[in-house]
Amino acid sequence: MQASHTKTLLIWIALGIAVLVPIVLSLNSPLLAWRDPVYIAAGLSGALALALLLFQPLLAIGALPRVGLLTGRRVHRWLGAGLTIFIVLHVAGLWVTSPPDVIDALLFRSPTSFSFWGVLAMWAVFGTALFASLRRILRIRPRIWVRVHSALALVIVGGTIAHALLIEGTMETISKVILCAYVGVTTLFALRKALRKPQKRQN
Amino acid sequence: MSLIHPNRRTLLTATGAALVTGVSGLRVPAQAKTIAPSKTMRGGANNYRAGAPVVDKIGGGGFWMSGTVRRAGDGAPLAGQRIQIWAHTTEGHERDQRSHGATLSDENGVFRLEMPQIVPAFGQAHGHLAYDSAEFKKVFLRPVMKRSSDTSLEAHFVLEPV
């Protein structure tokens, strides 16, 4: 995908704004005054994980300007590892802040529905990480890989969006909704492209 | 003026109703209104600390937690019942000792305790209340604020004897 300099610049600026504005706003939330550093770090890890999800589908299909498909896939794997780490930090930070609430969430008995969606997305990320690391060893066929990864990606993105939208207090509402919309649209766009020609998706 | 004007319709309805309740055993004597006991809410006991002291106010105050304590069955108000309250507020996390306090219900079964402003934590602005004495079964409530800008929250207890 060859694009002009201006177009490349505009796309990167748009992506940067979509990600940086909600992160900066969440770091300026008045609620932070009443939260411990560990709790703040846990919330930030969650917001950063959401931000990574905007780049993952675009990298996977080589849709980012000036980033080739192969480089894109390599960065996609690194960001996938980063996503896993952010989730671990998110859950660990929340656990330190309030162990019983996190135990309830992990056991799917929390009173808040967003916990369900968050934990669902978490397991889908862990499953993807495991599946990706076993892919070579088990010699999983590319067709199967694309289908499984796409299904898991849908659960990750859908679960994360539901999780984020139902939460009050970590991110600023409007910038959060816009980021979630971007993530949802890019994911559907990438999945459509990935599943349309599965035989060409060998990497 | 008579309040009851029996005609064929009311007579038939009354006879029918009497038959239904009488035959099916729906007539339960001496339980005109039965009030079900409160159930512990999910997550209600999270960060509970047994034995929080009865206080005039938790921290600097500014926010009001209130409610009622009644007896299951007849719904009679229960006086002198100890209700423990805690939340994530502008002055501390739920788990912090200073965020916990207790109050007693008055002769009308009403309790009211001033505490610091509750702020959203773990995704929702919510409070925790516990009835944890021996006389009745323990109940843990977790009410959620409609808006996080609210400066009061209510929770109602219906207790059943142990």
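Just so you know, all these numbers are worked out from the coordinates, no wet-lab data involved. Predicted, not measured: the structure shown is a model, and the values here were computed from it. Note that each Cβ is placed from the backbone with ideal geometry, even for glycine, and that neighbours are counted across all protein chains shown.
Here are the numbers:
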quantity: Region A:6-21: number of residues that are farther than 18 Å from A:V67 by Cα and not β-branched (V, I, T); calculated: 2
quantity: Residue check, A:I156 more than 14 Å from chain B (Cβ to nearest Cβ) and at negative phi; calculated: yes
quantity: Residue in region A:112-126 that is within 14 Å of another protein chain (Cβ to nearest Cβ) and exposed (fewer than 15 other Cβ atoms within 10 Å of the Cβ) present; calculated: yes
quantity: Filter pass, A:S4 being of a type outside the set (K, R) and surrounded by 13 or more Cβ atoms within 10 Å (Cβ to Cβ); calculated: no
quantity: Candidate set: region B:113-162, residues that are small (G, A, S) and not in a loop (DSSP other than H, G, I, E, B); chosen: the one nearest to the other protein chains (Cβ to nearest Cβ); calculated: B:A121
quantity: Filtered residue count, region A:17-33, keeping only those that are in contact with a helix residue (DSSP H, G or I) (Cβ under 8 Å, 6 or more places away or on another chain) and free of Cβ contacts under 8 Å to residues at least 12 places away in the same chain; calculated: 1
quantity: Neighbours by Cβ (under 8 Å, 6+ apart or cross-chain): first from region A:34-54, touching a residue at least 24 places away in the same chain (Cβ under 8 Å) and under 16 Å from A:L79 (Cα atoms); second hydroxyl-bearing (S, T, Y) and surrounded by 20 or more Cβ atoms within 10 Å (Cβ to Cβ); calculated: A:G46/A:T170; A:A47/A:S26; A:A47/A:T170; A:A49/A:T160; A:L50/A:T160; A:L53/A:T160; A:L53/A:T187; A:L54/A:T186
quantity: Residues satisfying the stated conditions in region B:62-85, i.e. within 11 Å of B:D106 (Cβ to Cβ) and either among the aromatic types (F, W, Y) or touching a His at 6+ places or on another chain (Cβ under 7 Å) (or both); calculated: B:T68
quantity: Every residue from region A:30-49 that is more than 10 Å from chain B (Cβ to nearest Cβ) and among the charged types (D, E, K, R); calculated: none
quantity: Some residue of region A:136-146 being part of a helix (DSSP H, G or I), in contact (Cβ under 8 Å) with a residue 12 or more places away in the chain and under 18 Å from the mean Cα position of the chain (by Cα); calculated: yes
quantity: Subset tally (residues that are away from chain A (no Cβ under 13 Å) and assigned to a strand (DSSP E or B)) for region B:84-110; calculated: 8
quantity: Search result, residues across region A:147-185 that are under 25 Å from A:P30 (Cα atoms) and free of Cβ contacts under 8 Å to residues at least 12 places away in the same chain; calculated: A:E168, A:T173, A:I174, A:A181
